[in-house]
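As structure tokens, the structure follows; a few thoughts come after it.
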Amino acid sequence: MEQINKDGTRRELTNFNVQMIALGGAIGTGLFLGAGQTIHRTGPSILLVYLVVGLFFSVMMRAIGEMMYKDPSQHTFVAFIHQYLGADFGKFAEWSYWMTLILAGMAELIAIATYIRLWLPNVSAWMIEILILGILSIINLSIVRFFGKTESMLSIIKIIAIIALILVGIWMIAVHHKNPVGTSAGLGNVTKDYTAFPHGFREFLNAFPMVFFSFEGMEFIGITTAETKNPRQVLPLAVKQVVFRILIFYIGALFVIMATPWRQISQSSSPFVQVFQIAGMPAASQIINFVVIVAATSALNSAIFSSGRHFYQLAVESDSKFLSKLRHVSKSGIPSYSVLFSACLMLFGPVLSAFKALSAAFSLVASICGDIYILVCILTMIAHYRYRQSSDFMEDGFKMPAYKILNPLTIAFFSFVFITMFFNKENVIPAVGALIWLIVFLTVENQRIS
């Protein structure tokens, strides 16, 4: 039987759809392209970094899951910051996270055009970008079930690529496959001449923000709940399963890359391409280029979906006449005006990238918004702690275990990740910018209210 919410949106996403959306959001181009850089910085220690960050993300997912279980009608987990920390921090989180999604969508749109032009160099980037954005917008404006199926299909392609890498890596380890340099693949490569900090402790610290952002998108579970069938049945399963699957995929892929051996992996190109080429697959670069396009398309698809739901939440909560017009929900149960508005803003990405000065400014703003994401995660955990202390607490709900210990630990860890960015000259300006944005936003909001 079809489930329709009071606002007209529909619950059509299944447990499988929700898990694929979360997997798709967290497994992006960073793993397929950027993993070489993190491996180069920390060596086998990167496995520990991924494990630690993944475990703390799993705590945050349990916190989000518990709050969404209590009130599955919310279209975004950020709404709980508004509810338990007040309008100031709530609006900061809602507007900031929405901007982060818009900028992420812009970046993915530019990336898609860049990779497609490797095959179609004579086609203008702006034509590709408009076509891709148009197709994905149509998908997002159709019934939620169609979006879920599309995102699931894109995520499956990425997962197949990771499984293929793991299987090829296992085969290379089993036969002690030699690379062109003459060294053989083997488990011993992971621990041979092991050094915890091959390029110094500072590089090890710098790996934490990089890995942290690679998990960004896992929280999309907290955006799909309002449109998921039987959310109180699906949500606990999705939260429990998706975290460990992501950890297995990330750590499994990185482990076999380390065994190939990792010292021969260049940071200038995709480690996936390099492993497949070492295994004797000359078409590896073309295959991975396709997978990267799929990964970026999946991330853009999720960004359109999520930014549309976040803007819809902002419109519902706002007294603004302009925003009130964006509360429209279509007959198919889609907040269509909010989705369209968010998607149209993503078109500024290609425009900005066409001008060097504007492109540099865009990169800076995108970096600042990325750092703001950590602040949103911290506020989410504080909101959860307040929820557990409130009269809203649901005793028989999907409870996060040992919250009095794990919640403060997670807040401390996220704060640690934010602080580490001040030790990297590339990250310090965006980190300062994120703090300035927080202070300015709260100051202006307080003056407006008073």
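For the reader, a short list of remarks on this structure follows.
- For residue 75, the stated conditions do not hold, so it cannot be described as in a helix (DSSP H, G or I), crowded, with 20+ Cβ neighbours inside 10 Å and in contact with a helix residue (DSSP H, G or I) (Cβ under 6 Å, 6 or more places away or on another chain).
- Selection from segment 380-397 of residues that are open to solvent by less than 20 Å² (accessible area, probe 1.4 Å) and not small (Gly, Ala, Ser): 380, 381, 384, 387
- Residues located in segment 206-233, provided they are among the polar types (S, T, N, Q) and more than 30 Å from residue 4 (Cα to Cα): 206, 214
- Tally of residues being surrounded by fewer than 24 Cβ atoms within 10 Å (Cβ to Cβ) and either closer than 21 Å to residue 81 by Cα or at pLDDT below 80 (or both) across segment 222-231: 1
Table: residues versus (1) of a type in the set (Gly, Ala, Ser); (2) farther than 24 Å from residue 446 by Cα.
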residue	(1), (2)
38	no, yes
43	yes, yes
51	no, yes
54	yes, yes
59	no, yes
94	no, no
98	no, no
110	no, yes
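- Residue identified as modelled with pLDDT of 80 or more, of a type outside the set (D, E, K, R) and open to solvent by less than 20 Å² (accessible area, probe 1.4 Å) among 256, 190: 256
- Elements of the type helices (runs of 4 or more DSSP H) sitting completely within segment 164-282 and holding at least 2 residues that are among the β-branched types (Val, Ile, Thr) and more than 17 Å from the chain's Cα centre (by Cα): these cover 188-191, 231-258, 271-278.
- Looking across segment 92-149, the residues that are of a type in the set (A, V, I, L, M) and free of Cβ contacts under 8 Å to residues at least 60 places away in the same chain come down to 120, 123, 127, 128, 131, 135, 138.
- Residue within segment 137-145 that is open to solvent by 20 Å² or more (accessible area, probe 1.4 Å), in contact with a Cys (Cβ under 8 Å, 6 or more places away or on another chain) and under 20 Å from residue 25 (Cα atoms) present: no
- Breaking point among (1) open to solvent by less than 40 Å² (accessible area, probe 1.4 Å); (2) closer than 15 Å to residue 220 by Cα; (3) under 19 Å from the mean Cα position of the chain (by Cα), for residue 66: (3)
- Identity of the residue in segment 23-41, of a type in the set (A, V, I, L, M, F, W, C) and more than 8 Å from the chain's Cα centre (by Cα), that ends up surrounded by the fewest Cβ atoms within 10 Å (Cβ to Cβ): 33
- Summed over segment 174-183, the residues that are among the hydrophobic types (A, V, I, L, M, F, W, C) and farther than 12 Å from residue 278 by Cβ give a count of 2.
- Residue that is nearest to residue 269 (Cα to Cα), among those in segment 19-36 that are among the β-branched types (Val, Ile, Thr) and assigned to a helix (DSSP H, G or I): 29
- Matching option when the condition is open to solvent by less than 10 Å² (accessible area, probe 1.4 Å), within 27 Å of residue 10 (Cβ to Cβ) and aromatic (Phe, Trp, Tyr), among 322, 311, 272: 311
- Qualifying residue in segment 115-122 (condition: in a helix (DSSP H, G or I), open to solvent by 40 Å² or more (accessible area, probe 1.4 Å), of a type in the set (A, V, I, L, M) and at pLDDT below 90): no
- Of the residues making up segment 123-154, those that are within 21 Å of the chain's Cα centre (by Cα) and assigned to a loop (DSSP other than H, G, I, E, B) number 0.
- Of all residues in segment 417-450 being among the aromatic types (Phe, Trp, Tyr), open to solvent by 40 Å² or more (accessible area, probe 1.4 Å) and modelled with pLDDT of 85 or more, the one that is farthest from residue 206 (Cα to Cα): 437
- Unique match (being out of contact with any Asp or Glu (no Cβ under 8 Å at 6 or more places or on another chain) and under 29 Å from residue 127 (Cα atoms)) among 276, 311: 311
- If the condition is being open to solvent by less than 10 Å² (accessible area, probe 1.4 Å) and at pLDDT below 85, then segment 243-253 contributes 243, 246, 250.
- Residue within segment 325-347 that is at pLDDT below 85, loosely packed, with under 14 Cβ neighbours inside 10 Å and touching a Ser or Thr at 6+ places or on another chain (Cβ under 8 Å) present: no
- Checked against (1) farther than 25 Å from residue 47 by Cα; (2) buried (at least 24 other Cβ atoms within 10 Å of the Cβ); (3) of a type outside the set (Lys, Arg), residue 295 meets all criteria but (1).
- Test for residue 156: is it closer than 30 Å to residue 38 by Cα and open to solvent by 60 Å² or more (accessible area, probe 1.4 Å): yes
The values are calculated or read from the model by the stated rules, or taken from the named source; none is laboratory data. The shown structure was predicted, so the numbers you read here are calculated from the model rather than taken from an experiment. Positions of Cβ are backbone-derived with ideal geometry, glycine not excepted, and every protein chain shown enters the neighbour counts. Surface areas here come from the heavy atoms of the whole protein model, side chains and all, with no ligands, DNA or RNA. Shrake-Rupley method; radii C 1.70, N 1.55, O 1.52, S 1.80 Å.
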